[in-house]
1. Could you please give the count of residues in the range 12-33 that are over 16 Å from VAL127 (Cα atoms) and among the basic types (Lys, Arg)?
2. Please work out if ALA46 is open to solvent by less than 20 Å² (accessible area, probe 1.4 Å), over 21 Å from LEU134 (Cα atoms) and of a type in the set (Gly, Ala, Ser).
3. Report every pair of residues separated by at least 6 positions or lying on different chains whose Cβ atoms are under 9 Å apart, first residue within the range 89-112 and acidic (Asp, Glu), second buried (at least 16 other Cβ atoms within 10 Å of the Cβ) and part of a loop (DSSP other than H, G, I, E, B).
4. I need the full set of residues from the range 71-106 which are open to solvent by less than 60 Å² (accessible area, probe 1.4 Å), modelled with pLDDT of 95 or more and among the aliphatic types (A, V, I, L, M), in order please.
5. Go through (1) open to solvent by less than 60 Å² (accessible area, probe 1.4 Å); (2) among the acidic types (Asp, Glu); (3) touching a residue at least 24 places away in the same chain (Cβ under 8 Å) and name the single condition ASP118 misses.
6. Just for the range 122-138: of the residues that are touching a residue at least 60 places away in the same chain (Cβ under 8 Å) and not aliphatic (A, V, I, L, M), which one is surrounded by the most Cβ atoms within 10 Å (Cβ to Cβ)?
7. Can you find a residue that is more than 19 Å from ASP100 (Cβ to Cβ) and either assigned to a loop (DSSP other than H, G, I, E, B) or open to solvent by less than 60 Å² (accessible area, probe 1.4 Å) (or both) anywhere in the range 17-26?
Amino acid sequence: MIEVAAAVILRGDRVLVARRARPASLAGKWEFPGGKLEPGESGAEALEREIVEELDLRVEVGRSLGSSHRVPPGEGAPDLRLTAYAARPVESDGEPRLVDGTHDDLRWVTAPELVTLDLAPLDVPLVEGAAAFLEAPDDHLR
């Protein structure tokens, strides 16, 4: 099982989404940014590291907002579990920027806008948790 963490980063009444540039199977799909957990790393630790690496943005990570799971077709391919976490920029005026080529666009979107995006399949089940975070942010941040 490969564990992946995604950050639902809140600023005001909007959350950050990023459009994948690669791999080809996900190019053009929107997602909550994040990445794979390294051995011994928690979801929060992975996000604090990954968001700086991908978006040059320091974040404070809160509670889990839910997870989704994929069992790939074919033998030998690992299962994948994506867990979303509430997050917010450490600096109130912190602005993400594209750094490593993983993504080619960034947007701050409201809950109604979120449901109109062409999301990556594993991110679709996370929209409900993201919407709950938007409605009651203090319940999800430490």
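1. Of the residues in the range 12-33, 2 are over 16 Å from VAL127 (Cα atoms) and among the basic types (Lys, Arg).
2. The answer is yes for ALA46.
3. Qualifying pairs under 9 Å: GLU91/LEU57; GLU95/LEU57; ASP104/ALA21; ASP104/LEU98; ASP105/ALA21; ASP105/LEU98.
4. Residues satisfying the conditions are LEU82, ALA84, ALA86, ALA87, LEU106.
5. (1)
6. Selected residue: PHE133.
7. So far as the range 17-26 goes, no, none of its residues is more than 19 Å from ASP100 (Cβ to Cβ) and either assigned to a loop (DSSP other than H, G, I, E, B) or open to solvent by less than 60 Å² (accessible area, probe 1.4 Å) (or both).
The values are calculated or read from the model by the stated rules, or taken from the named source; none is laboratory data. Since this is a predicted model, take the numbers as computed values, not measurements. Please note: Cβ atoms are built from the backbone with ideal geometry, for glycine as well, and neighbour counts cover all protein chains shown. Side chains included, ligands, DNA and RNA excluded: accessible areas come from the protein's heavy atoms. Shrake-Rupley method; radii C 1.70, N 1.55, O 1.52, S 1.80 Å.
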